[in-house]
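The values are calculated or read from the model by the stated rules, or taken from the named source; none is laboratory data. Computed from a prediction, not measured in an experiment: that's the story for all the values here. Positions of Cβ are generated from backbone atoms using ideal geometry, with glycine treated the same way; all protein chains shown enter the neighbour counts. When the accessible area is computed, the model is the full protein with side chains, heavy atoms only, and any ligands, DNA or RNA have been set aside. Shrake-Rupley method; radii C 1.70, N 1.55, O 1.52, S 1.80 Å.
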Amino acid sequence: MQKIRNIAIIAHVDHGKTTLVDKMLMAGKLFRDNQTTGELILDNNDLERERGITILSKNVSINYNGYKINIIDTPGHADFGGEVERVLNMADGCLLLVDAFEGPMPQTRFVLQKAIQMGLKPVVVINKVDKPNCRPDEVQEMVFDLMFNLDATEDQLDFPTIYGSAKNGWMSTDWKKPTDNINAVLDAIIEYIPEPETIEGDAQMLITSLDFSSYVGRIAIGRVHRGELREGMEIALCKKDGSVSRQRIKELHVFEGMGRKKVSSVKSGDICALIGIEGFEIGDTVADAANPEPLPRIAIDEPTMSMTFTINDSPFFGRDGKYVTSRHIADRLTKELDRNLALRVTKADNEDTWTVFGRGVLHLSVLIETMRREGFELQVGQPQVIIKEIDGVKCEPVEWLTVNVPEEYSSKIIDMVTRRKGEMVTMTTQNDRIHLEFVIPSRGIIGLRNNVLTASAGEAIMAHRFHEYQPWKGDIERRTNGSLIAMEAGTAYAYAIDKLQDRGKFFIFPQEEVYAGQVVGENAKDNDIVVNVTKSKKLTNMRASGADDKARIIPPVVFSLEEALEYIKEDEYVEVTPHHLRLRKIILDELERKRANKN
């Protein structure tokens, strides 16, 4: 029997989790070639590298002193909660990674809570102790308090702590005594994390993740719970509705390093991938054909937000995307459902419109950004929260919001959050910064980040996670300024923009193409106005082209995808194409818009 340890890594965004895993892979002598490049091995998706966050959980394994350590990398963002729960199902213990200065952050708490409820044994790693203002001993106390608050057992609270710097490649049991390798972590994993118990009997495996290959189709991944799976054996697939279908395993793979290796059999306790199984969902059980017993299914948190996706029907459709028809978008959303657990898609009454449900603006915007890079054109409506009726009371999702700001900005932030129906729960001072915690409706968070960053001169650190459903809190004032709307199609001229600058802020550059009904700026007042940005200077023999004052134009506001989604109003769409993001009114024609507003 091979000696195995299954471990999940938990950390807040940017605490150095992916860097640590990379160093562990190097310690397992898997990468002699690209140690010199300094690129992250795990976050290999472009979006993950740009944003510096882990979106998809990945499986890797290393061999150390005759032990096989399966490392499961978990996303740190609460929006990807659907990934987290099924990932923890495969582990026997967890590595909690904490920044030596910041301490445990709200999203660490989200994943840690799930891990402690499942009874996983933690090993704590306090990273970045090479920072000048770090406080490892205080942080260790904070971790203990956090676990105590999350109802950890005596055994879980008796956790080992390792200190070090993943970036500089050392770990040690005492932070004042640096070493030259990270073996301290690997030794602690082998010593403290229990090995998976080998359960004899009929084979059972819960499918907790999946992969896709265009060559063999969908691949089921999970941890063998009981018995042994062999290549070519006949199995029963137990589904959600209770039905059982008989199938055969064509190939079995185990994880080795970053890749997979084909094997003939896998015993209970190890993580493997099955090829040749069809029609499965995450949460189904692969069981013995003669005696099919399903394992309990994983409960996945429900989505809290929805958005309308529709085909691009603006006057500029098809200019720079490859996939523009409703069939393309429908196929792409169906394909996404295969991998993305927390996503739901329903067809709206209209032929070319879908309602997509997800865990938050970040979760949905990552999907939109991925589609846009693949060459899709689509339009997206304003994010809406999902409202439920619980015991006859209208309820909405409420989130736990934490904001960390310098002292001089705290009053502005508190005012801003309470106006959006947020209630302050705690306020603590850390050095010269103030740490605020609120309970706020999800609706109040949409569009809040921009305002908080503006009010705190970019200093605030803001994070939020889903808390629960609570009774409806009443109306929340959203963006109060109206829009500046282009009157007709054409090229925007600097001359026209210059004359309109006292009306408000612009979102377009001179010489950009616009169409009638496109939102080209924000009005300084609260009503929408239609402006003509395509008006050029009329030249006569009395008016030369350069005689007047030069046009002095304030640089336009350029939105990222998330900012655009949080900015738009109910009657607006974001038009997303591979090279452009445009804001527009749903009804482009001005007269029709007025009629609709009257009705």
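If I take every Cα pair under 8 Å that is 6 or more residues apart in the chain, average their sequence separation and divide by the length, what percent do I get for the relative contact order?
10 percent
Within 10 Å of each candidate Cβ there may be at most 16 other Cβ atoms; applying that plus a DSSP loop requirement, which chymotrypsin sites (Phe, Trp or Tyr not before Pro) in segment 404-488 survive? Display every interim value, and only then the final one.
Values: sites: Y409, F438, F466, Y469, W472; in loops: W472.
Answer by residue number: W472.
Could you tell me how many degrees, from 0 to 90 and to the nearest 10, lie between the Cα long axis of helix 106-117 and the main elongation axis, the longest principal axis, of the Cα atoms of the chain?
30 degrees
How far is it, in nm, from the label point at A290 to the one at R449 when both lie 7 Å from their Cα along the line to the Cβ?
5.5 nm
For R248, project a label point 7 Å along Cα to C-beta. Then give me every residue of segment 215-239 with its amide nitrogen under 20 Å of that point.
Counting backbone N atoms under 20 Å from the label point, the list is 216-220, 228-238.
Taking θ = phi - 60°, what integer Hz values does the Karplus form 6.51 cos²θ - 1.76 cosθ + 1.60 yield along segment 496-501, in sequence order, with x for Gly and Pro?
The phi angles translate into 6, 4, 4, 6, 9, 5 Hz.
Using unit Cβ charges (K, R positive; D, E negative) and no other charged atoms, how large, in debye to the nearest 20, is the dipole of the chain about its Cα centre?
Details: 76 positive and 92 negative charges, 315 e Å.
Computed charge dipole of the chain: roughly 1520 debye.
Scan around H467 for amide H atoms under 5 Å from its own, H built in the peptide plane at 1.01 Å from N, and keep only partners 5 or more places away or cross-chain.
Those lying under 5 Å, H to H, from H467 are V398, E399, W400.
Rounded to the nearest 5, what % of the DSSP beta bridges within segment 217-304 are antiparallel ones? Write down the numbers at each step before the final one.
Numbers: 26 of 26 bridges.
Of all bridge pairs located within segment 217-304, approximately 100 percent are antiparallel.
Ignoring ligands, DNA and RNA, what percent of the 1.4 Å accessible area of the chain is carbon and sulfur? It would help to have the intermediate numbers written out before the result.
Numbers: 13140 of 27600 Å².
The C+S portion of the solvent-accessible surface of the chain is 48 percent.
Test of the criteria: in segment 128-200, which trypsin sites (Lys or Arg not before Pro) are in a DSSP loop and have at most 14 other Cβ atoms within 10 angstrom of their Cβ?
Working: sites: K128, K167, K176; in loops: K128, K167, K176.
Filter output for segment 128-200: K167, K176.
Ignoring ligands, DNA and RNA, what accessible area per residue does the chain give at 1.4 Å, in Å²?
On the way: 27600 Å² over 599 residues.
Per-residue value: 46 Å².
With unit charges on the beta carbon (Lys/Arg positive, Asp/Glu negative), name the residue among I568, I298, V87 whose Cα is farthest towards the positive pole of the charge dipole of the chain.
I568
Quickly work out the D589-to-D349 label distance, labels modelled 7 Å from Cα along the C-beta direction, and quote it in nm with one decimal.
2.0 nm
Give me the net charge of E231's neighbourhood, meaning all other residues with Cβ under 15 Å from the Cβ of E231; Lys, Arg count +1, Asp, Glu -1. Present the calculation step by step, with values, prior to reporting the outcome.
Numbers: positive: R230, R248, K250, R260, K261, K262, K267; negative: E228, E234, E251, D270.
That works out to +3.
Give a residue-ordered list of calculated ³J(HN,Hα) values for segment 153-159 (Karplus: 6.51 cos²θ - 1.76 cosθ + 1.60, θ = phi - 60°; whole Hz; x for Gly, Pro).
With the stated coefficients, segment 153-159 comes to 7, 3, 5, 5, 6, 8, 9 Hz.
Which pairs in the list K473/K598; K535/K598; K569/K594 are over 26 Å apart, alpha-carbon to alpha-carbon?
Result: K473/K598; K535/K598 exceed 26 Å.
With every protein chain left in place, what is the accessible area of D155 in Å² (1.4 Å probe, nearest 10)?
Counting only protein heavy atoms, D155 exposes about 100 Å² to solvent.
As a test of reading the structure, rank Y567, Y495 by solvent-accessible area (1.4 Å probe, protein chains only), most first. Show your work: numbers first, answer last.
Numbers: Y567 30, Y495 65 Å².
From most accessible down to least: Y495, Y567.
I'd like the antiparallel share, as a percent to the nearest 5, of DSSP beta bridges with both residues in the chain. Provide the component values of the computation, followed by the final result.
Working: 111 of 137 bridges.
Of those bridges, close to 80 percent are antiparallel.
Using a 1.4 angstrom probe on the protein heavy atoms only, line up R248, R223, R344 by accessible area, largest first. Don't skip to the answer; put the middle values down first.
Working: R248 130, R223 45, R344 85 Å².
In descending accessible area the options line up as R248, R344, R223.
Identify, among L364, Q379, A273, the residue whose Cα sits farthest towards the positive end of the charge dipole of the chain, taking +1 on the Cβ of Lys and Arg and -1 on the Cβ of Asp and Glu, with the dipole about the Cα centre.
Farthest along the dipole direction, towards plus: Q379.
State which entries of K121/K239; K240/K335; K322/K505; K23/K322 exceed 29 angstrom in Cα-Cα distance in the structure shown. All intermediate terms of the calculation are to be shown ahead of the outcome.
Values: K121/K239 31 Å; K240/K335 20 Å; K322/K505 32 Å; K23/K322 40 Å.
Pairs exceeding 29 Å: K121/K239; K322/K505; K23/K322.
Before rounding to the nearest 500, sum -39500 (n - 2.57) across all DSSP H runs of length at least 4 in the chain and divide by the residue total; then give [θ] at 222 nm in deg cm²/dmol.
-6500 deg cm²/dmol
Sorted by average packing, counted as other Cβ atoms within 10 angstrom per residue and highest first, what order do 482-491, 256-265 take?
Ranked from most to least packed, the peptides come out as 482-491, 256-265.
Specify which labelled value, from (i) 1.09; (ii) 1.38; (iii) 1.04, agrees with Cα Rg over 2.2 N^0.38 Å derived from the coordinates of the model shown.
Computed from these coordinates, Cα Rg over 2.2 N^0.38 Å corresponds to label (i).
Among I508, L150, I414, whose Cα projects farthest towards the positive end of the dipole of the chain, with charges put on the beta-carbon of Lys, Arg (+1) and Asp, Glu (-1)?
I508
Helix 410-419 sits at what angle to the longest principal axis of the chain, using alpha carbons and giving 0 to 90 degrees rounded to 10?
Once rounded, one gets 80 degrees.
Would you grab the residues whose amide H sits under 5 Å from the one on Q430? Only those 5+ places off in sequence or on another chain, please, with H modelled 1.01 Å from N.
So Q430 has HN proximity to H435.
Multiply the residue separation of S213 and E138 by 0.36 nm, subtract the distance between their alpha-carbon atoms, and state the gained length in nm to one decimal.
On the way: separation 75, 0.36 × 75 = 27.00 nm, distance 4.68 nm.
Additional length available on full extension: 22.3 nm.
Using only Cα atoms, tell me the angle between helix 326-339 and the longest principal axis of the chain; keep it within 0 to 90° and round to the nearest 10.
30 degrees
Along the Cα→Cβ direction, 7 angstrom out, place labels at A330 and N532. What is the inter-label distance in nm?
Taking the two extended label points, one gets 4.3 nm.
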